[in-house]
Amino acid sequence: MRAVQHGRTVRLPACRWAFPHPSDSDQAGLVAVGADLEPATLIAAYSRGLFPMPLKPGGRIGWWSPPERGVLEPERMIVHRSLRQARRRYEIRIDTAFAAVVSGCADPARPHGWIDDQMQAAYVQLHREGFAHSVEAWSGGRLAGGLYGLAVGGLFAGESMFYRSRDASKVALVALAEGLCDGHRRLIDVQWATPHLRSLGVAAIPRQDYLRRLRELLESPPPRLFVAA
């Protein structure tokens, strides 16, 4: 498996797992259980329309493809007046504190936490391989919030976001959306379209539409936003 990331060619070994088709899921979107979180496995899964989430913290990995997928067209992000004002309070950085962003998202004090140690380690390794990225909001030399996810072709598969200061994670999302408006096919996958995310422009599309778009997105070049990071 080969991709261009950070302006260089990255080679990964072939994935040793055979994933079922995403449509072979239960009503919640669970397609399969097991496998591992090696970089080649993760890239293969996302390229097929799946994403991982443990069935319970520290437990076996579930591979998911919801019947309806939450997605954000970068150019359709809704930036309310208050959010435009909040942007002035933060400095945006790319990939300068990836592990710290993942750790912030995995804070056990957050409700409904699912990012366990194995997930943290897997995405830090994926970042080292040049596929996972963070968009960070800084204030006064302090990491105030951010998000992280996986970039493959024109797809940015957002995994999680966090904030320590008001609107910091939203500002990071705005920066991501703007950075992906570069003239190529781009899509931000947020997995599920929650009411909060819908207020920012996220929509839910049927699984078959997502998979059709995914095939096109994988043909797009890597975003310049991350190549320059």
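Summary of values
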| quantity | calculated |
| --- | --- |
| Cβ-Cβ FRET estimate between residue 36 and residue 218, R0 fixed at 25 Å, reported to 0.05 | 0.70 |
| Difference of contour (0.36 nm per residue) and Cα-Cα distance, residue 128 to residue 87 | 11.9 nm |
| Residue 110 paired with residue 199, simple spin-label distance in nm, labels 7 Å along Cα-to-beta-carbon | 1.8 |
| The chain: relative contact order as a whole-number percent, Cα under 8 Å and 6+ apart | 25 |
| Model label zone, residue 23; criterion: amide N under 15 Å from point 7 Å along Cα-to-beta-carbon; scope the range 190-211 | 206-211 |
| Amide N proximity, the range 43-61 versus residue 118 label position 7 Å along Cα-to-Cβ, cut-off under 20 Å | 43-47, 50-61 |
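Any read-out appearing in this document is the output of simple, stated calculations on the displayed coordinates, not a laboratory observation. None of these values were measured; they are calculated from a predicted model. Heads up, the Cβs are rebuilt from the backbone with ideal geometry, glycines too, and the neighbour counts pull from every protein chain shown.
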